[in-house]
1. Determine the shape class of region 315-368: with a ≥ b ≥ c the square roots of the Cα gyration tensor eigenvalues, call it rounded for a/c under 1.5, and otherwise prolate if a/b is greater than b/c, oblate otherwise.
2. Just how large is the dipole of region 179-336 about the Cα centre, in debye to the nearest 20, putting +1 at every Lys and Arg Cβ and -1 at every Asp and Glu Cβ?
3. R0 = 30 Å: FRET efficiency of H123 with R294, Cβ-based, nearest 0.05?
4. What FRET efficiency would be calculated for the residue pair I333, N241, taking the C-beta separation as r and a Förster radius of 35 Å, to the nearest 0.05?
5. Can you order the peptides 140-151, 310-321 by their average number of other Cβ atoms within 10 Å per residue, highest first?
6. Once fully extended, how much extra length lies between A253 and E321, figured as 0.36 nm per residue of separation less the alpha-carbon to alpha-carbon distance?
7. Could you give the nm distance between label points at T100 and K260, where each point is 7 Å from its Cα heading toward the beta carbon?
8. What does the extension gain come out to for E35 and D148, with contour length at 0.36 nm per residue minus their alpha carbon separation?
Amino acid sequence: AAASAEPTGPASFPKKKKKNDTVNLEDMVTKLDPETKAMLDALHARAEASDDPATILMRGVPAGSVCAEWSETEALARTSKFWASNSGKFTDYALSKNVTHATRFVTHSWAPPKDWVEHMGKHAHYGTLKAAELAMVSRDLAEELGVDEDKWRDELTFWIDKTCIPQQHKLLMVCVNMIEDFLQKCDGMVVLLSWQYFERLWCVYEWASFLICHDPKNVTICVDAFLRPSTRALYVQSIENFSVANSKCNKEADRPVLAKKVAEYYNSVEAFEYFTRSTSIGVMALAVARKAARGSHEEEFMPWVHLARRLGLTDLAAGLETCQPASYRKIAIEMSKDENNSNKWQKIFADKLEEWFDSEIAPVLEAARLQSVRPEHHQLVKHVAMAAQQRRRGPLRRMSNYGGGESSQLSAGELAAMLGAGAGARPAAPGPCAAKGDEQGFGDKGEEEAEVSG
């Protein structure tokens, strides 16, 4: 396997020329008003003085601030606007609060694929679909975690770069360098998976970094809205053609940052690529198995088996071939036909898929992790899993520390109190505020725009 190559520890990845690919950090800092800058300076000083800066800087945004259901017209319009641009302003940062842990880390590409209209139509809005998909995930999480139906908007929290990193301040690079710490402090990851996701270097790095320390089953892939007959081959191609050298990075200045991170955590660049391909195929197969159960197994599922074989991932391909989603679905319906609960069969079906994944795929992905990741990081999975298990024993609200409605405006004093709150402290004031301010973002997710991460 490629992962057996000797560690290379590159100083930087091959660069791709791109117009306007850098942003002067000083220019970003000067766009802050003096009061806001002073508050962020104070937060920066607290983080620098702390033995655990990630705890001070870890934040989460309430689900209701960033997603909405299709029936919630006004809320959907508001949250769709949030997802339309990666430009992070202080008022976006103020949507979030300091938390000990977030319910989920959200990774995605801010900009839509260049061929979005061709495959989705001119009336399908990328930001709206992401807001609605995340709302569906939130409802499922609320049921899974025992959150009341009318409280998930406040009690579920997400780590999203735009709201959890102050992009117009020197804290930006501090937070970027701590992405791994924030990933460890999230109980799972949601992937808003458009077909160009695996072409973006920051996105792929977030994916692989999460799976260093988390169980693959803690990844929720939102792909149904994007996966169509015309895009299926594009997903397969994006993984088959993935390489660090060919990955897109909106800011070329990010490449050495990511090169350093890869060298720190992986045995080599080739090992990073091997781990990314293995996990992306394995986790994607679990997601499409649900569609294959009610559709064509050959069209929906087998392309992932064939891809694994073409990439030389023979153990993974063998495990994938044992999946029989249509049979699992038939068994689930048969077992629940005498139940009054019409959703019973769905739970049985999900359990059957999970049993298959645990038996046939998870061991292969764990072997890939051990082969790819530097030995000093092998214990991360156990450490993070134990911490998550301990948190699940208590009520969810102990993780979120949120209150608030949908549009309350924070005063300067309330913002100061919010930034001064310690880890796990309940903020003095609730919820989101309307967004105004600077337009500059950072990072790698957009084709035209900059972004902080994934």
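Read the figures in this text as sums done on the coordinates, not as results from a lab. Here the structure is a predicted model, which is why all the values come from computation and not from measurement. We place every Cβ from the backbone using ideal geometry, glycine too, and count neighbours over all the protein chains shown.
1. Note, shape of region 315-368 comes out prolate.
2. Numbers: 18 positive and 19 negative charges, 71 e Å.
Roughly 340 debye, rounded to the nearest 20.
3. Numbers: r = 26 Å, r/R0 = 0.87.
It comes out at approximately 0.70.
4. 0.35
5. Those peptides, ordered most packed to least, come out 310-321, 140-151.
6. Details: separation 68, 0.36 × 68 = 24.48 nm, distance 4.19 nm.
Net length gain for the segment: 20.3 nm.
7. Taking the simple label geometry, T100 and K260 are separated by 3.1 nm.
8. Separation in residues times 0.36 nm, less the Cα-Cα distance, equals 36.9 nm.
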